[in-house]
1. Show me the strands (runs of 3 or more DSSP E) entirely contained within the stretch 1-83 in which 3 or more residues are touching a Phe, Trp or Tyr at 6+ places or on another chain (Cβ under 8 Å).
2. What's the number of the only condition in (1) touching a residue at least 24 places away in the same chain (Cβ under 8 Å); (2) farther than 30 Å from GLN8 by Cβ; (3) more than 20 Å from the chain's Cα centre (by Cα) that GLY126 fails to meet?
3. Only one of (1) open to solvent by 50 Å² or more (accessible area, probe 1.4 Å); (2) under 19 Å from the mean Cα position of the chain (by Cα) is not met by LEU142, so which one is it?
4. Across the stretch 1-54, what is the number of residues that are polar (S, T, N, Q) and in contact (Cβ under 8 Å) with a residue 60 or more places away in the chain?
5. Take LEU131 and decide whether it is under 17 Å from the mean Cα position of the chain (by Cα) and surrounded by 13 or more Cβ atoms within 10 Å (Cβ to Cβ).
6. If you scan the stretch 59-89, which residues turn out to be surrounded by 14 or more Cβ atoms within 10 Å (Cβ to Cβ) and in contact with a Gly (Cβ under 7 Å, 6 or more places away or on another chain)?
Amino acid sequence: QFTLKTEQYANHLALYIDAPAELDLSTMYIRLHEAAIAVNEYELKIDGDVTLDDSIPMNIAVQVKDWQIAPLLTLLPASITGSLKDIDVDGVLSLDATANGIYAEHQMPLVDAHVLLQKGKGSYAGIPYTLSKIALDADAHLDMNVPARSMVTVNKLHAQTLDSEVDLKGSIKDVLNTMQTSAHVAL
């Protein structure tokens, strides 16, 4: 059990760490070789290198595969899940992401991610409809240094409610700022 002040962050968790690494303490260089960290059945794979310095050069790849969302949310502390009490979501999430560049006070690495959501469903207490059969295939490119270069490409988004279905594909440019959207929607 892990509690900080009055907030409980963990209770009865299985933690697994397998982190083959190369270390060079003279340069503070760390190279992870297909490292895996798991909390219960949720495994995160990490591969790449980092140099710990005032500025932190990094080339990291992260992967999660087939994370079931509803039970994952039960691992979050009440301060977060309390704001989600009227929302019911589930689905299977996979993610492949990279962070390349320098992390420093005034500089951030570029982040590229491919997100897949399958078997998704969601509802909100204030709306009498449930979205089901949600499937998402999207790519994100996030540039915190020049936010206007950040964009999300929705390769495919499908959802169903009652007897209606919607399919969407498109892009959101300048996603961290003005969010210029271009989309093709089929009902």
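1. 7-10, 29-39, 42-51, 56-68
2. Result: GLY126 fails condition (2) only.
3. (1)
4. Looking only at that region, the number is 1.
5. It is false that LEU131 is under 17 Å from the mean Cα position of the chain (by Cα) and surrounded by 13 or more Cβ atoms within 10 Å (Cβ to Cβ).
6. Answer for the stretch 59-89, where residues must be surrounded by 14 or more Cβ atoms within 10 Å (Cβ to Cβ) and in contact with a Gly (Cβ under 7 Å, 6 or more places away or on another chain): ASN59, ILE60, ALA61, ILE69, ASP88, VAL89.
The values are calculated or read from the model by the stated rules, or taken from the named source; none is laboratory data. Being a predicted model, the structure only gives us computed values, none of them experimental. Virtual Cβ from ideal backbone geometry, glycine too; neighbours counted across all protein chains shown. Ligands, DNA and RNA are excluded from the accessible area calculation, which covers all protein heavy atoms including side chains. Shrake-Rupley method; radii C 1.70, N 1.55, O 1.52, S 1.80 Å.
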